[in-house]
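Written below as structure tokens is the structure these notes are about.
A short reminder: the numbers here are calculations on the coordinates, not readings from a lab. Predicted, not measured: the structure shown is a model, and the values here were computed from it. A quick note on method: Cβ atoms are made from the backbone with ideal geometry, for glycine too, and the neighbour counts reach across all protein chains shown.
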Amino acid sequence: MKIVDYSQNLALRIAIIQVIAYLVLFLLGVRLFYLQIIKGDYYSERAESQRVKLIKIPAPRGAILDRHGRILVDSRPTYIITLSAEEIKRINPYERVDDYARGLKLDKQYLIERLNLIRKQPGFETMIIKENATIEDIAWVEAHNLEFPELQVELRPQRFYPYGEVLAHVLGYVGEISPKELEKAEYADLKPGDIIGKAGLERYYDRYLRGVPGYRKVLVDSRGRIQAELEVVEPQAGQDLVTTIDIDLQIAAEQQLEKSVTKRGAIIAMDPNNGEILAMASSPSFDPNVFVRGIGTAEGRKKIEEYYTDENRPLLNRAIQGRYHPGSTWKIPLSVAGLQQNVITVKESRIACGGGITIGNKFTRCMGNHGFPALDYAITKSCDGYYYRLGLKMGIDGIIKMVEEFEYDKPTGIDLPNEKATRTPKYWKPYVERREGKWSDIRTVYASIGQDTVEATPIAMLRTIAAIGVHGKMYVPHLMKEIKPIGQVGDFPARPGVVYEISEPKIIKMTREQEELVMKGLWGVVNAGGTASGIRIPGFDIAGKTGTAQNAALGTKGPKDHAWFVSFAPAYKPEIAVMAIIENSGFGAQHAAPAVKGVYEAYLRKYHPSILGKQDERL
Amino acid sequence: MMAIVEKRNFREFDWLLLTLAVSIVCFGIWQIYNAQPTEIYWQKQIIGLILALFLAILVAFIDYRVLVYYAPVFYVIGIILLILVLTPLGVKVKGQQAWLKLPLVGQFQPSEFVKIPVLLMFAKYFNERNKFSPLTIKETLVGVAIIALPVGLILLEPDAGQALTYMPLLAVVLFLSSIKIRYVILSIAACLILLPLGFYIGVKTGKIKQYQVERINVILDPESADPRGYGYHTLQSMITIGQGGITGIKGDTERSQSALKFLPEPHTDFIFAVTAENTGFVGCVSLLLAYALLISRLIMGARYAPDRASMLFIMAFVGGLTFQIFINVGMTMGMVPVIGVPLPLMSAGLSSILSTFIAIGFVLSVRMRRFVNY
């Protein structure tokens, strides 16, 4: 080296620079080794997770059909507007709430709630902010594509209930799964934003109706724009549910409730031979479409709020969740139990009416003075005096035995969620004894005519009378007839069909003579000058029982009575059992029985038009 | 000109140095293509390489002593160009007015080219000083003054990254000009104390802007930095490099972070990440070895340089080169905050490649004249 001599340690200083340069490069190599060799797999995964996205393809939900295959619920394609998760991570969507609300005509409060929900659910890909988008909404989103790239228009099947308020309580409705529901085991395979059945059959048979969503595996760039489609997994549709409902009878039942004085109550029609529910109406009702469609609109949300706060409780399915004093309809099980327990016999069934009864110093009267009637006459005329004494003879233990025999101590087992059980002295006795020291006779008297400690659900009372009509066979009421199978789709295995299996009925044991005696009484109610003789249909003998549930405390003035009528027809070979309860309307014979007749007429028009024809000729 | 080149000089032509530089550029063109296959950057870079080769050979055949002699002229021209950048003739890209658009010449980045006159000025001034005495304060201040002017103008653009690359040039020149070791140690110690202190005061007084603070924080903890904000560049670059693994993804566009636009500026500032993604650890280590080889060859040239001026030029060039490699590659691997400095010979950009090849031309010229007596 030539210039080394000139300055201090020049060779050394050059060497130092050289070493520093090598060290720098070595350091970079070490870091490279760390990133590529040690953490290589980790970064590969991160790279993959940010470029590969799954886009869900929602599965069409199975349809719900009536017994003749007519569509009660199906899904129709609608446009929805969604917020993309990828995009809203970049922006502050709260600042845009005003724009969204104005452009899409949405409720601002609703939007804020949605955004709050998004924050709590990190696993989502898109969140729906408007369902049932109109042409104007779609145009607005497209026009503001650059301004609001986070908004997207998608096509999605939406649940549609063509009959609106008709059958609403039975069908139920669907909705987006809630964070709370997501934690449940039965929804383990679901994700935020998935649609599930929230009430009624939609909920009860959700796992069949719900399909398996497919997905598109796509390659996205840094802005979330799709670059390529890597894989498509087609969704598997849900299974169709065929119900036992006859929509014509259902409409007839709804019309009867609509015609009633208070428009509050329930009507159920059932096939007594197997427990198939033909119609189940509860009034007031609600429109399930409001829950599906209205959740994003101000009016819809207001409507839903009203459903929840309305004191008439339109969301309550009165047929299975309403509890009413059964009044005189309670005399049916009491009559059978009296015979079963040998308190009365077919030969010796007479008990005094006495125009009422005195317990202690209190007189409880009968509606008339029936002398010393036999059982059939007591039923036909609904003699309270008779049953006061029958009840006392059976004693509270006898009545509780009856409750167990007729399974009033549990729900009927109908295939709907949240069915309520009837409440009887069996349930109340411990409470009463704790509070009053003992179970008094007057409570037994009241319990004998279906007041006070007896609160029955309409479905339970219909099940009782239906059983009397078919020799004591008490079937489990049900709405499912069949679930249709669905074939294999891709890797999703075929799902087999299900046919409702009618379980062995509980038998109410009666001798032929006992049965005939009770039947004679029930037949007489309509056909032999009994309490409901006004609804007689010649050629189609109805056997039934009226009931009037007192609402006011005895002896005081209060809300009007609930009117009951339970029945089946034709009397000795029943095809159909129908009950009605009209809240706060008055006497059963006057308000409930005509409603039941209306349903029978609809039934006859459809299945036996000749019977009605003869009737018309006679008129 | 060819006439003055003696036959003997040709034998001394450093083919290895030029081949190494050209190889790295070719490797870079491949990576530019991987980064932006649908754009024309890689084609432009090929044209740049041809131009650069021509310029390097042209410079090689000029006697470097002539270049050193006229250093002040080049320096003045450089300063004029940097002033012109700040006039309406300058072109603003992404908030930085760092480009100059001239008729016939086209668009270029003067801050890249001005390094050459600065190196020549250093070579000229520090060659002429008294070689046997330690560096005086006056001499040090002249050295500072030489870079202060261009650095000041570059900071006005503002292009802090480019301005920073001038610092190692001065450091190397001072270090090799008999500066006392105790001053070196003192200044290193001062840096270690004053940098964090200055940063702290800067943050407190608001002189250092929030985004600059964020960029520093990203380095300290890239995983917890906001992945959508300032941490985005660093994190995406680290993911890109990491995904390369041992042998790389070999141009698979369905996996490429640059093709899917997760990696920003893939053909310029983040070309190393693209290289890492496509060629893996094997390719990157090869590249680092090539740089090491290039630096060795340059330092060898400095060792055998016939005079102090050329030695200083080459060593300062080595210092600048090493510094840029460290800043750029370190930035892509999350070791250094994001600073817009191109990777020499790799990043797409004519100004960078031309200026580097002019410097290499100078080194070739020195090599060819190493036995010349003066």
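Overview of values
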read-out: Extension gain (nm, one decimal) between A:Phe372 and A:Glu186, 0.36 nm per residue minus Cα-Cα; value: 61.0 nm
read-out: Most mobile of B:Ala189, B:Ala123, B:Ala171 in a GNM of chain B (Cα contacts under 10 Å); value: B:Ala189
read-out: Relative contact order of chain B, pairs being alpha-carbon contacts under 8 Å that are 6 or more residues apart, as %; value: 29 percent
read-out: Nitroxide proxy distance, nm - points 7 Å out along Cα→Cβ at B:Glu254 and B:Thr19; value: 4.0 nm
read-out: Rg/Rh (Cα only; Kirkwood hydrodynamic radius) as it applies to the stretch B:1-139; value: 1.04
read-out: Helix-derived mean residue ellipticity, 222 nm - over chain A, DSSP H n ≥ 4, -39500 (n - 2.57), to 500; value: -11500 deg cm²/dmol
read-out: Net charge contributed by nearby residues that have their C-beta within less than 14 Å of B:Ile241 (K/R +1, D/E -1); value: +1
read-out: Rounded FRET efficiency, nearest 0.05, which uses the C-beta distance separating A:Glu95 from A:Ala143 and R0 of 22 Å; value: 0.65
read-out: Links that overshoot a 30 Å alpha carbon limit, given the list A:Lys130/A:Lys263; A:Lys302/A:Lys597; A:Lys303/A:Lys410; A:Lys331/A:Lys573; A:Lys481/A:Lys520; A:Lys259/A:Lys302; value: A:Lys130/A:Lys263; A:Lys302/A:Lys597; A:Lys303/A:Lys410; A:Lys481/A:Lys520
read-out: Among A:Gln250, A:Ile468, B:Ser256 - extreme Cα towards positive end, dipole of the protein assembly as shown, charges at beta-carbon; value: B:Ser256
read-out: GluC sites (Glu not before Pro) restricted to the stretch A:468-531 and DSSP loop, no more than 11 other C-beta within 10 Å; value: A:Glu501
read-out: Angle between chain A longest axis and helix A:10-33 axis [Cα atoms, degrees, rounded to 10]; value: 20 degrees
read-out: Square roots of 5 times each gyration tensor eigenvalue, C-alpha, chain A, largest first, Å; value: 69, 26, 23
read-out: Mean Kyte hydropathy of 0.5 or more with a Cα span along the axis of at least 18 Å, helices from DSSP in chain B; value: B:15-35, B:41-61, B:71-86, B:115-128, B:137-156, B:181-205, B:271-303, B:308-332, B:350-368
read-out: Candidates B:Asn127, B:Asn217, B:Asn278, ranked by Gaussian network fluctuation over chain B, Cα under 10 Å, top entry; value: B:Asn217
read-out: Rg [Å, one decimal], Dmax [Å, integer] - the stretch A:53-243, C-alpha atoms; value: 17.6, 53
read-out: GluC sites (Glu not before Pro) lying in DSSP loop within the stretch A:303-382, provided at most 12 other Cβ fall within 10 Å; value: A:Glu311, A:Glu348
read-out: Placed amide H near A:Lys130: partners under 5 Å, 5+ positions off or other chain; value: A:Ile81
read-out: Protection proxy ranking of A:379-392, A:421-434 - average other beta-carbon atoms within 10 Å, highest first; value: A:379-392, A:421-434
read-out: Whole-Hz couplings from phi, Karplus 6.51/-1.76/1.60, listed for the stretch A:439-444; x for Gly and Pro; value: 8, 7, 4, 4, 5, 5
read-out: Under 5 Å, built H, 5+ apart or other chain: amide partners of B:Leu263; value: B:Ser258
read-out: Sorted by Cβ density within 10 Å, fewest first, the residues A:Phe363, B:Phe270, A:Phe540; value: A:Phe363, A:Phe540, B:Phe270
read-out: Shielding score for B:259-265, defined as the mean number of other chain Cβ atoms within 10 Å; value: 4
read-out: DSSP-assigned coil residues among chymotrypsin sites (Phe, Trp or Tyr not before Pro) in the stretch A:272-355, each with at most 12 further Cβ atoms within 10 Å; value: none
read-out: Cα centroid separation - the stretch A:42-78 against the stretch B:331-367, whole Å; value: 54 Å
read-out: Cβ-defined net charge surrounding A:Gly368, 15 Å radius [Lys, Arg +1; Asp, Glu -1]; value: +2
read-out: Sum of -39500 (n - 2.57) over DSSP H runs of 4+, divided by residues of chain B (222 nm, nearest 500); value: -22000 deg cm²/dmol
read-out: Model label zone, B:Leu89; criterion: amide N under 12 Å from point 7 Å along Cα-to-beta-carbon; scope the stretch B:137-153; value: none
read-out: Dipole moment magnitude, nearest 20 debye, the stretch A:194-263 about Cα centre, only Lys, Arg, Asp, Glu C-beta charged; value: 360 debye
read-out: Ranked list, fewest to most other Cβ atoms within 10 Å of each Cβ, for B:Leu58, B:Leu197; value: B:Leu197, B:Leu58
read-out: Long-range amide H partners of B:Gly248 with built H, under 5 Å; value: B:Gly280, B:Phe281
read-out: Cβ-derived FRET efficiency at R0 30 Å, A:Ile38 paired with B:Leu195, nearest 0.05; value: 0.50
read-out: Environment charge at B:Gln257 (Cβ cut-off 9 Å; Lys +1, Arg +1, Asp -1, Glu -1); value: +2
read-out: Principal-axis tilt of helix A:384-405 within chain A, Cα atoms, nearest 10 degrees; value: 40 degrees
read-out: Neighbour-count order for A:Glu276, B:Glu139, A:Glu181, fewest beta carbons within 10 angstrom listed first; value: A:Glu181, B:Glu139, A:Glu276
read-out: Set of aspartates and glutamates with alpha-carbon distance to A:Lys420 below 15 Å, sequence-local pairs under 8 removed; value: A:Glu407, A:Asp409, A:Glu455
read-out: Anchor B:Lys92: aspartates and glutamates whose Cα lies under 19 Å away (excluding residues fewer than 8 positions away in-chain); value: B:Glu112, B:Glu157, B:Asp159, B:Glu265, B:Asp269
read-out: Cα-based reach from A:Lys438 at 17 Å (exclusive), listing aspartates and glutamates while leaving out same-chain residues under 8 positions away; value: A:Asp397, A:Asp452
read-out: Degrees between helix A:458-469 axis and first principal axis of chain A (Cα, 0 to 90, nearest 10); value: 50 degrees
read-out: Listed residues A:Pro235, A:Leu201, A:Gln109: farthest to the positive end of the dipole of the stretch A:53-243 (Cβ charges); value: A:Leu201
read-out: Residue among A:Ile177, A:Ile129, A:Ala59 farthest towards the positive dipole end of the stretch A:53-243, charges placed on Cβ; value: A:Ile177
read-out: Charge dipole (debye, nearest 20) of the stretch A:389-449; +1 at Cβ of Lys and Arg, -1 at Cβ of Asp and Glu; value: 340 debye
read-out: Student exercise, chain B dipole from Lys, Arg, Asp, Glu Cβ charges, in Debye to nearest 20; value: 1040 debye
read-out: Cα-based Rg and Dmax for the stretch B:7-368, where Dmax is the largest Cα-Cα distance (Å); value: 20.6, 64
